[in-house]
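Novice: Dropping a structure here in structure tokens format, bear with me for questions.
All of the numbers you see were taken from the coordinates with simple rules; none came from a lab. Computed from a predicted structure; not experimentally measured. Virtual Cβ from ideal backbone geometry, glycine too; neighbours counted across all protein chains shown.
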Amino acid sequence: MRPVSSRCLVNVNYFRSILALLAVALSVGPTFGAVPVEVTPVVARHGMVVAGHPQAAAAGVRTLQAGGNAIDAAITVSLALNVAEPYGSGLGGKLMLLYYEATSGRTFVIDAMDASGSVDVAAYLQRPKADRSYGYGSVCVPGLGAGLWLAHQKWGARDWAADVAPAIELARAGTEILPKTRLFYAEQEKKLKQGDAEIARLYLPGGQLPETGTFLANPDLAATLEQFAAHGRDGFYRGRVAEALVHASAEGGGDLTLEDLANYEARLTEPVQLDFRGYQILSAPPPASGPALFLTIMKVLEPDTFAGGPLRTADNLDWIGRVWRHVVPQVQSGIADVPEARFNFEQMIAPESIAALREQALQNTPIAAEQEVALWLDDSFTDNAMAATTHFAVADAAGNIVCATQSLSLHFGAGVVAPGTGVVLNDTMSNFAYFDAGNINYIAPGKRPRSTIAPTMVFRAGRPQFAIGIPGSSRIPTAILQALLDRLVLHRSLADAIGDTRVHLTGGQGWNGEETVEAEQSLPADVVRDLEQRGWKVELPEPANTGRHFGGINVIAINPDGTYTGYADPRRTNAAAGY
């Protein structure tokens, strides 16, 4: 597949550009047949951004060109996505950010996941179940703003206000409604009309869905971003924006307090890590559970060659599914926002644990009855395709790299906007467990619900190879698993690894014998038939080019000559741009 240069590519030596193109061409691995989704690589020498909307990617490149580093551009991109994808992420939601610092060779994590605040658990449990996923009762303390501020304080090179300014401009001028953007709006039309007048006013102009090709502005969000630009963290977590959030929460039956907002702190921490076939894979730590799932599965699968490929045969998918069956309960019982979660992960990938998991999968034994019951009762274990998330990556001329995933939980979050703020609020309370007080993810004051988000970076001999991530709820870990196996085991190009048929494994209806393989409709008929003969239910919910259900992987690869290649999955409105 021939890469093309970015529209933003400027002042690049022709000979070096040819070398970069050759490096990408030489990295193309074996071909296993037609790939249903064509991913076009974009090559740049100085900096690269891959993000969920073209205007957000372009804004990030301009910040790099103006002297910003990867962190500065990440702040710009994150907030621009708040404007362009209000259904997916923003100041009302959460962020998990990996940062590779080229000068030290270290990778840091900003954990800015949403938190429950000072919730009265006993009183909250008396609420209707619907309150956990819609309305102000479902809103956690948002983390994204605090996470961006902490990242800037640690590593930003430009003035904070300059990094925020592009998002303010976009909010005032409006971002373009692309065809797939409109699909996301259309799928949530009922939610937008359900009862919150403010969200309907902002996102259903004239009471109608925004039309493709139009530009949707949000002057209220622009004003909030101006406060954020002028006062930093305190422009959101204190002052008039915080007061508006708390007032609306009280009016709507929520639990947010001024103290909850003022006391929220993003965490500076370290990634989890797995050694795999000479690579080092770094990903998000707990309370993120997605990395623990796919990393543990990868370690169990490390000896396998998958018959040299392709990966998506009935034999291979059945084998991966058997491993998945036994790893999921371990993750669900061991990973959450608790001090012992990192230790639990290390125990999961310890040699004796991996050997036991592999033997269970080889014997094709069912999971224990008590594990099945625990999963059935854990309402945080969800396969909801409507989870709202976005992923982006940024790399700068000095070699610094940001790999970040941010979310509102479900699309358009709680379906509410505090009047005057323009900020869509999360419904992350839906991600706690509620039935069993002994559950590691059980609701508690100040606790951060776990999430499958999994920004990930791959290294070899200490050198970064690529940064990868995807939106898609429980489909995040299975999508990254497939892409990593395709690239690191079968040596396929990243374009083909991203573009090939997306597959997901699910427990179906409560894990009671309805284990399911979900896949895009490009999964061959003979593979479907053979999987069904092995006892799997097979569902094909959408074509390969849609991306509503299976998300869209975004990647930045670091080439041997120091150039970057961006891969934007066209299943969604993703775009890669560089200079």
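Novice: Per DSSP helix of 4 or more residues, -39500 (n - 2.57); summed, then divided by the residues of the chain. What does that give at 222 nm, rounded to the nearest 500?
Specialist: Details: 21 runs with 216 residues, N = 579.
The per-residue figure over the chain is -11000 deg cm²/dmol.
Novice: Please give every one of the lysines within straight-line cross-link reach of residue 180, meaning a C-alpha to C-alpha distance under 24 Å, and leave out same-chain neighbours fewer than 8 residues apart.
Specialist: 94, 190, 191, 193
Novice: Excluding residue 160 itself, calculate the net charge of residues whose Cβ lies under 13 Å from the Cβ of residue 160, where each Lys or Arg counts +1 and each Asp or Glu counts -1.
Specialist: Working: positive: 154, 158, 233; negative: 72, 159, 163, 226, 234.
Net of charged neighbours comes to -2.
Novice: Sticking with this structure for a sec: Taking the Cα centre of the chain as origin, sum charge times position over the Cβ atoms of Lys and Arg (+1) and Asp and Glu (-1), and report the length of that vector in debye to the nearest 20. Present the calculation step by step, with values, prior to reporting the outcome.
Specialist: Numbers: 45 positive and 59 negative charges, 265 e Å.
Using only the charged Cβ atoms, the result is roughly 1280 debye.
Novice: If you put +1 on each Lys and Arg Cβ and -1 on each Asp and Glu Cβ, how big is the dipole of segment 259-330 around its Cα centre, in Debye rounded to 20?
Specialist: 340 debye
Novice: For residue 123 and residue 362, FRET efficiency with R0 = 56 Å and r from the beta-carbon atoms, rounded to 0.05? If you can, show how the numbers build up before the last one.
Specialist: Working: r = 48 Å, r/R0 = 0.86.
After rounding, the FRET efficiency stands at 0.70.
Novice: Still on this structure, please answer the following. Working only with C-alpha atoms, what are the Rg and Dmax values of segment 182-278, expressed in angstrom?
Specialist: Spelled out, the Cα radius of gyration and Dmax of segment 182-278 are 18.7, 57 Å.
Novice: Given Cα pairs under 8 Å that are at least 6 residues apart, what percent is the relative contact order of the chain?
Specialist: Numbers: 1357 pairs, mean separation 150.9, N = 579.
26 percent.
Novice: Sticking with this one: Remind me, what semi-axes does segment 250-355 give for its equivalent ellipsoid, largest first in whole Å, using sqrt of 5 times each Cα gyration tensor eigenvalue? Intermediate results must be reported in sequence, preceding the final value.
Specialist: Numbers: eigenvalues 246, 55, 33 Å².
One finds semi-axes of 35, 17, 13 Å for segment 250-355.
Novice: Please name whichever of 279, 330, 231 sits farthest to the positive end of the charge dipole of segment 208-344, dipole taken about the Cα centre and charges placed at Cβ: Lys and Arg +1, Asp and Glu -1.
Specialist: 279
Novice: May I ask for the distance between the Cα centers of segment 112-139 and segment 84-100, given as a whole number of Å?
Specialist: Taking the Cα centre of segment 84-100 as reference, the centre of segment 112-139 is 20 Å away.
Novice: Among 454, 205, 55, whose Cα sits farthest toward the positive end of the charge dipole of the chain (+1 at Cβ of Lys/Arg, -1 at Cβ of Asp/Glu, about the Cα centre)?
Specialist: Highest projection toward the positive end goes to 55.
Novice: Looking only at the chain, where both bridge partners belong to it, what percent of the DSSP beta bridges are antiparallel (to the nearest 5)?
Specialist: Working: 68 of 75 bridges.
Around 90 percent antiparallel, to the nearest 5.
Novice: Next question. Please compute the contact order of segment 96-220 in relative form: average sequence separation of alpha-carbon pairs under 8 Å and at least six residues apart, divided by the residue count, as a percent.
Specialist: Here the relative contact order equals 20 percent.
Novice: Further question on the same structure: Defining a contact as two alpha carbons under 8 Å apart and six or more residues distant in sequence, what relative contact order in percent does segment 157-240 show? Intermediate values should be presented prior to the final figure.
Specialist: Numbers: 84 pairs, mean separation 35.7, N = 84.
Worked out over segment 157-240, it gives 42 percent.
Novice: Cα atoms only: what Rg and Dmax, in Å, come out for segment 43-177?
Specialist: Calculated on Cα positions, Rg and Dmax stand at 17.1, 57 Å.
Novice: Order of 206-215, 285-294, 162-171, 515-524 by packing, highest average Cβ count within 10 Å first?
Specialist: The densest-packed peptide leads the list: 285-294, 162-171, 515-524, 206-215.
Novice: Regarding the chain, what whole-number volume in Å³ per residue does the convex hull of its Cα atoms give? Before the final figure, lay out the partial values.
Specialist: Working: hull volume 76.3 nm³, N = 579.
Hull volume over Cα atoms, normalised by residue count, gives 132 Å³.
Novice: Let's see if you can work this out: charge +1 on each Lys and Arg Cβ, -1 on each Asp and Glu Cβ, no other charges. What is the dipole magnitude of segment 482-579 about its Cα centre, in debye to the nearest 20? Provide the component values of the computation, followed by the final result.
Specialist: Working: 9 positive and 14 negative charges, 45 e Å.
Value, rounded to 20: 220 debye.
Novice: Stick to Cα atoms and the Kirkwood definition of Rh, then tell me Rg/Rh for segment 392-503.
Specialist: On the way: Rg = 17.8 Å, Rh = 16.8 Å.
Expressed as Rg/Rh, it is 1.06.
Novice: Percent of Cα-Cα pairs more than 19 Å apart in segment 461-575, please. Numbers along the way, then the final one.
Specialist: Details: 3283 of 6555 pairs.
Of the Cα pairs, 50 percent sit more than 19 Å apart.
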